[in-house]
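Report on one structure; see the data block that follows.
The values are calculated or read from the model by the stated rules, or taken from the named source; none is laboratory data. Because the structure is predicted, anything quoted here is derived from the model rather than measured. All Cβ positions, glycine included, derive from the backbone under ideal geometry; neighbour counts span all protein chains shown. Ligands, DNA and RNA are excluded from the accessible area calculation, which covers all protein heavy atoms including side chains. Shrake-Rupley method; radii C 1.70, N 1.55, O 1.52, S 1.80 Å.
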Amino acid sequence: MKTRVTEMLGIEHPVICGGMTGVGTVDMTVAVSEAGGLGLLTALTCGSIEQMKKDIAEIRSRTSKPFGVNLTILPAIQPPDYEGYAQAIIDAGVKIVETAGNNPKKWVTLFKQAGLTCIHKCVTIRHGLSAERIGVDIISMDGFECAGHPGEDDIGGLVLLAKAAKKLKVPFVASGGIADGKQLAAALALGAEGVNMGTRFCATKECPWPDSFKQRIVESDERQTVLMFRALHNTARVFKNKVAAEVERIQNEKGNNLEFTDVMHLVAGDRGRKAESEGDPDGGIFTAGQCIGLIDDIPTVKELMDDFMAEAEQTIKHRLVNLIGAKL
């Protein structure tokens, strides 16, 4: 399947594994790229700039196929050395970078000057247009269904993608809530040049999540997510486990008077990492999109990709073409 995105990135399938904290490891990156998609190493998951350099070298030793690095830039009390990470990505000869977070101009300009292909995550059309103006090559349009931060406008993918096709000149991929091949066919019909998947790749054998987390995803439906921090204007979609349900209860009780300190002990990163290390899916929060309702198995990345693409092709070749034939 050829699209503008597959041609630009040099990949076989129009599928990107979006950068995910704690998930975008060497093994996941290699698995996705070897399966024909674009694997993305998450820079901050590496833990340090030196480890990121080693991880990039290891990926190159394990696959000759294209891969990229994700750099997510967010406000923090003690921010990482973003400049150091960015320069190390360039110095390592990485060809593709995915950026996420606010105010990407500085980073996109730096990467573009070094000749990298830049993908940037946007949750609104206005952000997509801004990214286009500063030189982003591919925009990942993230619908309200997504895991993590969907923004504050609550626009679902069906409207967001159709409007992106009207407004954007650069190619874009559909992101948020994508988990099966029918959705790739739908995204292409809406004007996207591919898809970006996150949560679906978490329910694979190569994902570093504990099996208990993956099994909980399989057992859940599309209603099992919670939107946190709405009153703080920093909305985040997470899996609805016991901790997230308690966060939801406190949010509902406090309403617009919610302060971060009211839930900080529940959402702390250290708590989430401890829960993951102990294999306790109720011990801390973890992000998940509404597409969990479409996930019913835990395949290898290769099995997932093969089935995903086969379903997309069958949908296009048989269902859609036959509909036109029936009309004629």
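Structure summary
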{"read-out": "Count - residues of region 292-307 that are within 20 Å of Ser33 (Cβ to Cβ) and surrounded by fewer than 15 Cβ atoms within 10 Å (Cβ to Cβ)", "value": "3"}
{"read-out": "Selection count where residues are open to solvent by less than 30 Å² (accessible area, probe 1.4 Å), outside any loop (DSSP other than H, G, I, E, B) and not hydroxyl-bearing (Ser, Thr, Tyr), scope region 1-12", "value": "2"}
{"read-out": "All positions within region 243-268 that are within 24 Å of the chain's Cα centre (by Cα) and under 22 Å from Gln290 (Cα atoms)", "value": "Val243, Ala244, Ala245, Val247, Glu248, Leu266, Val267"}
{"read-out": "Residues (within 15 Å of Val15 (Cα to Cα) and part of a loop (DSSP other than H, G, I, E, B)) located in region 197-206", "value": "Gly198"}
{"read-out": "Hits in region 207-219 (condition: outside any helix (DSSP H, G or I) and either free of Cβ contacts under 8 Å to residues at least 24 places away in the same chain or open to solvent by 40 Å² or more (accessible area, probe 1.4 Å) (or both))", "value": "Pro208"}
{"read-out": "Pairs with Cβ under 7 Å, 6+ apart, first in region 61-84 and without any contact (Cβ under 8 Å) to a residue 40 or more places away in the chain, second open to solvent by 50 Å² or more (accessible area, probe 1.4 Å) and outside any strand (DSSP E or B)", "value": "Thr63/Glu34; Pro80/Leu44"}
{"read-out": "Close pairs from region 246-261: first at positive phi, partner among the hydrophobic types (A, V, I, L, M, F, W, C) and in a helix (DSSP H, G or I), Cβ under 7 Å, at least 6 apart", "value": "Gly255/Ala231"}
{"read-out": "Any hit, region 22-42, residues being free of Cβ contacts under 8 Å to residues at least 12 places away in the same chain and either in a helix (DSSP H, G or I) or closer than 13 Å to Lys95 by Cβ (or both)", "value": "no"}
{"read-out": "Residue among Gly198, Gly135, Gly128, Gly156 that is open to solvent by less than 50 Å² (accessible area, probe 1.4 Å) and out of contact with any Cys (no Cβ under 9 Å at 6 or more places or on another chain)", "value": "Gly156"}
{"read-out": "One residue from Leu184, Leu190 being buried (at least 16 other Cβ atoms within 10 Å of the Cβ) and within 16 Å of the chain's Cα centre (by Cα)", "value": "Leu184"}
{"read-out": "Lone qualifier among Thr72, Thr45 - being at pLDDT below 95 and part of a helix (DSSP H, G or I)", "value": "Thr45"}
{"read-out": "Qualifying positions in region 1-42 - among the polar types (S, T, N, Q) and either within 16 Å of Pro299 (Cβ to Cβ) or modelled with pLDDT of 95 or more (or both)", "value": "Thr3, Thr6, Thr25, Thr29, Ser33, Thr42"}
{"read-out": "Number of the exception - Ala35 against (1) open to solvent by less than 10 Å² (accessible area, probe 1.4 Å); (2) under 14 Å from the mean Cα position of the chain (by Cα); (3) over 30 Å from Arg126 (Cα atoms); (4) not aromatic (Phe, Trp, Tyr)", "value": "(2)"}
{"read-out": "Matching helices (runs of 4 or more DSSP H) fully within region 258-328 where at least 2 residues are at pLDDT below 95", "value": "264-267, 269-278, 321-327"}
{"read-out": "Number of the condition not met by Met264 [criteria: (1) in contact with a Phe, Trp or Tyr (Cβ under 9 Å, 6 or more places away or on another chain); (2) among the hydrophobic types (A, V, I, L, M, F, W, C); (3) more than 27 Å from Gly156 (Cβ to Cβ); (4) open to solvent by 30 Å² or more (accessible area, probe 1.4 Å)]", "value": "(1)"}
{"read-out": "Some residue of region 13-26 being farther than 20 Å from Ala288 by Cα and open to solvent by 30 Å² or more (accessible area, probe 1.4 Å)", "value": "no"}
{"read-out": "Residue match in region 220-236 (condition: in contact (Cβ under 8 Å) with a residue 40 or more places away in the chain, charged (D, E, K, R), open to solvent by 50 Å² or more (accessible area, probe 1.4 Å) and assigned to a loop (DSSP other than H, G, I, E, B))", "value": "yes"}
{"read-out": "Subset of region 138-153 (residues that are modelled with pLDDT of 95 or more, surrounded by fewer than 24 Cβ atoms within 10 Å (Cβ to Cβ) and of a type in the set (D, E, K, R))", "value": "Glu145"}
